[in-house]
Each structure stands twice: as structure tokens, then as C-alpha cells.
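Peer 1: First the structure, which I've put down as C-alpha cells, then a few questions once you've had a look.
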Amino acid sequence: QVQLVDAGGGLVQPGGSLRLSCVGSGATFSFNVMGWYRQAPGKERELVATIVSGRTNYADSVKGRFTISRDGAANTVYLQMNSLRPEDTAVYYCHAKVGIMNYWGKGTLVTVSA
């Protein structure tokens with residue numbers, strides 16, 4: 001059974017940094033796409049960043065502040081978040097895809113507040 005375990009969230013002051021991690025287990029294959037989404041209270045889930053064959057894509061709201069990276073061909077992905085803002089407060093979900101199959105982590109809460 002394939003599982004994504006995302007972690008690294010917490011409470012941070014505006015301007016601070018956090019690093020999220022996501023480890024995929026139970027897969028005998030390498031995910032084609034890995035990425036991060038987030039969902040703020042009362043809002044829809046939105047794309048934050050993806051990485052596909054080493055190429056990265058970011059939401060405009062996080063460009064220049066967040067960096068997504070992947071551990072080679074391993075099913076592990078990271079999200080380095082710098083210069084955090086209160087509007088970055090959300091539950092962050094790891095996502096992975098292979099073929100038509102989509103997998104999601106349970107989410108990790110990031111709260112940016114003074």
C-alpha cells in the first residue's frame with residue numbers, strides 16, 4: 001500500500017522559515033510527479049509547487065520564497081519555505097502521481113503568526 005507521510009509544519013513568526021518533507025513508502029516504482037498543495041481555512045486547495053524530471057513549477061504567490069526539491073529518484077520531496085507570511089498559513093499536503101494514480105499525504109499545518 002502506497003503512503004505519503006508529510007511532516008515539518010509548525011508555528012513560525014512572519015519572516016521565518018520552515019522545511020517540509022514528504023516520504024513515500026510502499027511503492028515499487030518512482031513517482032512521475034511530486035509536489036505540494038495547501039489549503040487555508042475557508043479556501044480551496046491550491047497548488048504550491050511541483051517537480052517533474054527535475055523541472056520545478058511554483059505558484060506566483062510563493063516564487064522566490066519557496067524551493068521544492070527531490071531526493072534523486074527517491075520518493076522523497078522537500079519544500080523549503082523562507083520569508084513566510086501570515087497568508088502562507090494553511091495545511092500543506094504532499095502529492096505524488098504515477099500514471100493516472102494520485103496519492104496524497106494527510107497534511108501538515110503551517111501557521112505563520114507573531
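Peer 1: Is it the case, given these coordinates, that Arg19 is open to solvent by 40 Å² or more (accessible area, probe 1.4 Å), touching a residue at least 60 places away in the same chain (Cβ under 8 Å) and out of contact with any Leu (no Cβ under 8 Å at 6 or more places or on another chain)?
Peer 2: So Arg19 does not fit the description; no.
Peer 1: What number of residues within the range 86-114 are open to solvent by less than 40 Å² (accessible area, probe 1.4 Å) and either of a type in the set (Asp, Glu) or free of Cβ contacts under 8 Å to residues at least 12 places away in the same chain (or both)?
Peer 2: Qualifying residue count, the range 86-114: 1.
Peer 1: What residue, among those in the range 26-42 that are surrounded by 11 or more Cβ atoms within 10 Å (Cβ to Cβ), over 14 Å from the mean Cα position of the chain (by Cα) and of a type outside the set (A, V, I, L, M), is nearest to Ala74 (Cα to Cα)?
Peer 2: Checked the range 26-42; the qualifying residue nearest to Ala74 (Cα to Cα) is Ser30.
Peer 1: Ok, one more. In contact with a strand residue (DSSP E or B) (Cβ under 8 Å, 6 or more places away or on another chain), open to solvent by 20 Å² or more (accessible area, probe 1.4 Å) and among the aromatic types (Phe, Trp, Tyr): does that describe Phe66?
Peer 2: no
Peer 1: Still on this structure, please answer the following. Name the single residue, out of those in the range 71-85 being open to solvent by 20 Å² or more (accessible area, probe 1.4 Å) and aliphatic (A, V, I, L, M), that is farthest from Ala27 (Cα to Cα).
Peer 2: Ala73
The values are calculated or read from the model by the stated rules, or taken from the named source; none is laboratory data. Bear in mind the structure is a predicted one, so any value in this text is a computation, not a measurement. A quick note on method: Cβ atoms are made from the backbone with ideal geometry, for glycine too, and the neighbour counts reach across all protein chains shown. Only protein heavy atoms, including side chains, enter the accessible area calculation; ligands, DNA and RNA are left aside. Shrake-Rupley method; radii C 1.70, N 1.55, O 1.52, S 1.80 Å.
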